[in-house]
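Following: one structure in structure tokens, then a few remarks.
The values are calculated or read from the model by the stated rules, or taken from the named source; none is laboratory data. Everything quoted here is computed from the prediction, not taken from an experiment. All Cβ positions, glycine included, derive from the backbone under ideal geometry; neighbour counts span all protein chains shown.
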Amino acid sequence: MPIKVVALAGGIGGARFLKGLRLIDDLEISVIINNGDDINMHGLRICPDLDSVIYNLAGESDLVRGWGRKDETWVVQQQLAHYLGEEQWFNLGDKDYATHIYRTNLLNNGIELSEIVKLQCAKWGIGLNLMPATNDFVQTQVQLTDGQQIHFQEWWVKHRAALPATGFELIGAETAKPAPGVLDAIAQADLIILPPSNPIVSIGMILRIPGIRAAIMAASAPVVGVSPIIGGNPVLGMADKCLTALGLETSATSVAAQYGDLLDAWLIADTDDEQVSAITNLGIKCESAPLLMTDDQAAKEIAMRAIGMTR
């Protein structure tokens, strides 16, 4: 029988890890994806983490730019800039616009986000069970030091995380519910994996949906995580900016401590080997290995090493 694996993911790091994970035989993979960074723009629902995972697994992601779709064109955005008289800070290509138009039309017709994700997976031939963390519209907001609160995408993309911040909130989380299938997948899992995604605004926001963290804590499956930090720097993205905003050190040990008793095992970079003992002292099994996801094969080897830690 296949091993039932549940992964929590968001962003490019999580997406690339999943491409390696699915190359391993005899796994039945379910993925719970952050949708706290969703935003409405130009009347359309944009779901950056969901789309990053789907585009990567479909082989449609722009690997050079690191986000969006390959062979993209930008006519719609250029025309919007012309009409509005200003450059657009959130870049959306023409193919990307088609995704958002498709999604928004279905949402407006009463189709839930989890069902739309299934339709997208069917169209792209993605065999994994992908699920948004919630069907409810939740938004990650950034608390700035000057007292303002702005949408995460504005802070992350427009300002490149340069505005001093003190914290992150998931607006709407208090009434949100896990999407259908999320809690069942966790309860039935043989293994739960936290890929090298942003621990604060990707995986962290998934865990803020009521019931998800508790379900993982109650599950019989061991939880293994892969550090998103190598040598004091994020593998991809700007996770260091989020950690700094919370007054946390950018290190594998710091992230492990942030997850705390959620983790049974933590795989860190071989270059951070000196942190193994500190993490072990937290009561978490820790090993080190090369963690650079240079290609799908490298991602597969990282995933296999992580799975091996729980056996």
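For region 255-284, a tally of residues being over 19 Å from ALA303 (Cα atoms), touching a residue at least 12 places away in the same chain (Cβ under 8 Å) and either outside any helix (DSSP H, G or I) or of a type in the set (Lys, Arg) (or both) returns 2. Looking only at residues of region 117-133 that are within 15 Å of ALA7 (Cα to Cα) and of a type outside the set (Gly, Ala, Ser), we find that the one that is surrounded by the fewest Cβ atoms within 10 Å (Cβ to Cβ) is ASN129. Considering only residues in region 33-85 that are of a type in the set (D, E, K, R) and assigned to a helix (DSSP H, G or I), the one that is nearest to the chain's Cα centre (by Cα) turns out to be ASP49. For region 170-203, taking the residues that are touching a residue at least 40 places away in the same chain (Cβ under 8 Å), small (Gly, Ala, Ser) and under 14 Å from ILE32 (Cα atoms), the one that is surrounded by the most Cβ atoms within 10 Å (Cβ to Cβ) is identified as SER197.
Specify the residue that is farthest from the chain's Cα centre (by Cα); the eligible residues are those in region 222-240 that are at pLDDT 90 or above and of a type outside the set (Gly, Ala, Ser). Only one residue tops the list, namely PRO222.
Once region 140-169 is narrowed to residues that are of a type outside the set (Asp, Glu), within 17 Å of CYS47 (Cα to Cα) and under 18 Å from the mean Cα position of the chain (by Cα), the residue that is surrounded by the fewest Cβ atoms within 10 Å (Cβ to Cβ) is VAL157.
Which one is farthest from ILE268 (Cα to Cα), of the residues in region 208-228 that are out of contact with any strand residue (DSSP E or B) (no Cβ under 7 Å at 6 or more places or on another chain) and free of Cβ contacts under 8 Å to residues at least 40 places away in the same chain? Out of the qualifying residues, it is PRO210.
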